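Reviewing the structure listed below.
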Amino acid sequence: MNIDSIKNGIVIDHIEAGKGMEIYNLLKLDTLGCSVAIIKNASSNKMGKKDIIKVDAKIDLDMDILGFVSPSATVDIIRDGVLIEKKKITLPEKLVNVIYCKNPRCISSTEQELPHIFNLTNKESREYRCIYCETKGE
Amino acid sequence: MRSVIDIKDLSKEEIAELVSISEDIISNPQKYAHKCDGKKLATLFFEPSTRTRLSFEAAMYELGGNVLSMSDSASSSASKGESVADTAKVISCYADIIAMRHPKEGAPMVASMNSTVPVINAGDGGHNHPTQTLTDLLTIHREKGRFDNLTVGLCGDLKFGRTVHSLISALTRYEGIKFVLISPEELKVPSYVKNTIKENGLEYKQTTDLMSVLPELDILYMTRVQRERFFNEEDYLRLKDSYVLTPEKLESAKIDLSIMHPLPRVNEISVAVDNDPRACYFRQALNGKYIRMALILKLLEVE
């Protein structure tokens, strides 16, 4: 399979296989006018299988979303066809409006203006809890 | 300006300070009678509660302060659709401190994020009720003189009882606490609460039989087993009486056992137990007023 290499843009590499579409949706890449390629199940020495997203434009990425969905991902910044920066992703300490609290008794279910905020409560199990009601995030 | 939304907002040292202020208030009430002259407490209760609201209001009056009370949410701005955030912004224009009870979990936290005065969580649904835990801690301290090296039995509904979870979480900060968790299979303590005990290197044991463990307890914290928690009526009928405390059952208990209950009680402690000096649930209710006085003083930074 052939995907043109990009001149100025971003490659999100080492995405956990199967998570590419989720990241595409959460980052709202469908709203971009430029070329965007999602490669699913690419072979990887390190991971076996991985997903890759290529974006042919300079855009700001929400690293918290990436870190939450696939902390194994890396972000390559390409300028004039050259890799100028490789960013490692870390698990974000806090998520704002990335996931939503599903507890019907939580105040965030009735206060429309309230941001849905989750804090990282357990790094190993990647557990996030709602700051208002402490319900586990899904 | 700080608020108390969760018992974990207070350090072990701050809890010790609140207990010590409460003890001083009990010994010298006159010294505190005008500490909050000119200050106003707003009690915003979006769901019915008599004892907690009256306890807060009595606490403020005994400090010389005044109370602005909203106890019927049907006649309040909430019924017009005002957000908790806006309510907090407005009420902090009128009051020096707010005590809030709300059926939605996290509502007092939202209030504290928007208020310019301290907010005390007076209960948010089934989530937190830090002043109840402070009341329990003051009671343990007054009855036992310490927080460490105690065998604490918690009996009844340990699954849904927020006071139980919060008390366990607070007591795991002290050394030598042994928890005895007494409940029907259906109402056992959730695993995350047991994990908190383990993570703090403390011991616990679980049983369904109150009588077998009663002799070893220093504290027995009773809670109500509610009919609606059971899947079928048979199980409820089978279990409801096994956790009714009677003078006969107490014969095997330690002579200095402290029997606590967050109240209201229904039938889980027989009225005949009330005259036993080991029953301290009504003293516990009184302690609730003193610890709230101490908390108001601390949050208002009154010396």
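The values are calculated or read from the model by the stated rules, or taken from the named source; none is laboratory data. Remember, it's a predicted structure, so these values are computed and weren't measured experimentally. Glycine gets a Cβ as well: all are built from the backbone with ideal geometry, and neighbour counts include every protein chain shown.
Taking the conditions (1) touching a residue at least 60 places away in the same chain (Cβ under 8 Å); (2) touching a strand residue (DSSP E or B) at 6+ places or on another chain (Cβ under 9 Å); (3) buried (at least 16 other Cβ atoms within 10 Å of the Cβ); (4) farther than 30 Å from B:Ala33 by Cα in turn, B:Glu216 satisfies each one other than (3). Pairs linking a residue in the range B:276-303 that is polar (S, T, N, Q) to a residue that is part of a helix (DSSP H, G or I), with Cβ atoms under 8 Å and 6 or more positions apart or on different chains, are B:Gln284/B:Thr135; B:Gln284/B:Asp136; B:Gln284/B:Thr139; B:Asn287/B:Ser22; B:Asn287/B:Thr135; B:Asn287/B:Leu138; B:Asn287/B:Thr139; B:Asn287/B:Arg142.
Scanning the range B:213-237 for residues that are outside any strand (DSSP E or B) and at pLDDT 95 or above returns B:Val213, B:Leu214, B:Pro215, B:Glu216, B:Leu217, B:Asp218.
Please verify whether A:Cys133 is assigned to a loop (DSSP other than H, G, I, E, B), within 12 Å of chain B (Cβ to nearest Cβ), modelled with pLDDT of 90 or more and farther than 27 Å from A:Asp60 by Cα, treating the condition exactly as stated. Spelling it out, A:Cys133 is indeed assigned to a loop (DSSP other than H, G, I, E, B), within 12 Å of chain B (Cβ to nearest Cβ), modelled with pLDDT of 90 or more and farther than 27 Å from A:Asp60 by Cα. Each residue in the range A:104-126 was checked for being within 7 Å of another protein chain (Cβ to nearest Cβ) and in a loop (DSSP other than H, G, I, E, B), and 5 of them qualify. Can you tell which of B:Thr131, B:Thr163 is in contact with a Pro (Cβ under 9 Å, 6 or more places away or on another chain), part of a helix (DSSP H, G or I), within 14 Å of B:Asp6 (Cα to Cα) and in contact (Cβ under 8 Å) with a residue 60 or more places away in the chain? Matching residue, one of B:Thr131, B:Thr163: B:Thr163. Restricting attention to the range B:80-123, the residues being acidic (Asp, Glu), crowded, with 24+ Cβ neighbours inside 10 Å and more than 10 Å from chain A (Cβ to nearest Cβ) number 0.
Annotation note: of A:Thr74, A:Thr90, the sole residue that is touching a strand residue (DSSP E or B) at 6+ places or on another chain (Cβ under 6 Å) and over 30 Å from B:Asp124 (Cα atoms) is A:Thr74. Among the residues of the range B:154-195, those identified as more than 19 Å from the chain's Cα centre (by Cα), hydroxyl-bearing (Ser, Thr, Tyr) and surrounded by fewer than 21 Cβ atoms within 10 Å (Cβ to Cβ) are B:Ser191, B:Tyr192. Cβ-Cβ under 7 Å, sequence separation 6+ or interchain: first residue in the range A:24-39 and over 16 Å from A:Leu66 (Cβ atoms) and assigned by TED's automatic domain parsing to the domain that holds A:Lys54, partner of a type in the set (S, T, N, Q) and loosely packed, with under 13 Cβ neighbours inside 10 Å. Which pairs? From residues that are over 16 Å from A:Leu66 (Cβ atoms) and assigned by TED's automatic domain parsing to the domain that holds A:Lys54, there are no pairs.
Of all the listed residues (B:Ser11, B:Ser27, B:Ser69, B:Ser20), the sole one being surrounded by fewer than 19 Cβ atoms within 10 Å (Cβ to Cβ), among the hydroxyl-bearing types (Ser, Thr, Tyr) and touching a Lys or Arg at 6+ places or on another chain (Cβ under 8 Å) is B:Ser69.
Annotation note: Cβ proximity below 6 Å between a residue of the range B:236-255 that is assigned by TED's automatic domain parsing to the domain that holds B:Glu216 and closer than 13 Å to B:Asn267 by Cβ and a residue that is in a helix (DSSP H, G or I) and not hydrophobic (A, V, I, L, M, F, W, C) (sequence gap 6+ or interchain) occurs for B:Tyr236/B:Arg227.
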